[in-house]
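Beneath this line is the structure, given in structure tokens, with notes to follow.
Rule-based calculations on the coordinates, nothing more; no lab input. This is a predicted model, so every value here is computed, not measured. Note that we place each Cβ from the backbone using ideal geometry, even for glycine, and neighbour counts take in every protein chain shown.
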Amino acid sequence: MKRLIRFLAALSLVVSCLGWLPQAAIAANFNGVTVLAADYRNVVEDKMATEYGKKLDVNNTNVRAFRQLPGMYPTLAGLIVKHAPYQSVEDVLNIPGLSDKQKEILQSNMDNFVATEVSKELVEGGDRYNNGIYR
């Protein structure tokens, strides 16, 4: 009886292995298929090519970018970001609660600012306050 069970087990093992023998591969014909890929544009890269890339945009720049201007970071930079958007650069002088010293600092840096349209890629998600760059 043991021999019969061993024989049937070995036979079933051999038969099951024969079922997994490799079969001839059939290649698909992809010669007639053309792939139509959409040409995506990087909106942020396009914006960097404008005056936004050369000056600080008061509508889209994050707080950390104001560090390059003396006296701007963090207080004035935070106020500028908080009260955005602005129609023109001069609108930053109308921020409520500015002291005379802060207005002087803003006026001395007016040449470094630009006001462009708000770009959702640059302002969504709270990135203007904390862009996640820690150095």
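Please compute the modelled spin-label separation between Val14 and Asn42, points set 7 Å along Cα→Cβ, answer in nm with one decimal.
Result for the modelled spin labels: 6.4 nm.
Mind checking the full-extension length gain between Ala49 and Lys82? Use 0.36 nm per residue of separation minus the Cα-Cα distance, one decimal, nm.
Numbers: separation 33, 0.36 × 33 = 11.88 nm, distance 2.55 nm.
So the chain would gain 9.3 nm between Ala49 and Lys82.
Using a cut-off of 18 Å between alpha-carbon atoms, which aspartates and glutamates can reach Lys101, once sequence neighbours fewer than 8 places away in the same chain are excluded?
Glu90, Asp91, Asp111
Could the peptides 89-101, 71-83 be put in order, highest first, of the mean number of other beta-carbon atoms found within 10 Å of their residues? Don't jump to the answer; show the numbers that get you there.
Numbers: 89-101: 12.7, 71-83: 17.1.
Ranked from most to least packed, the peptides come out as 71-83, 89-101.
How do the peptides 109-115, 5-11, 56-62 rank, highest first, by the average count of neighbouring beta carbon atoms within 10 Å per residue?
On the way: 109-115: 16.1, 5-11: 9.9, 56-62: 22.4.
Taking the mean over residues of other Cβ atoms within 10 Å, the ranking is 56-62, 109-115, 5-11.
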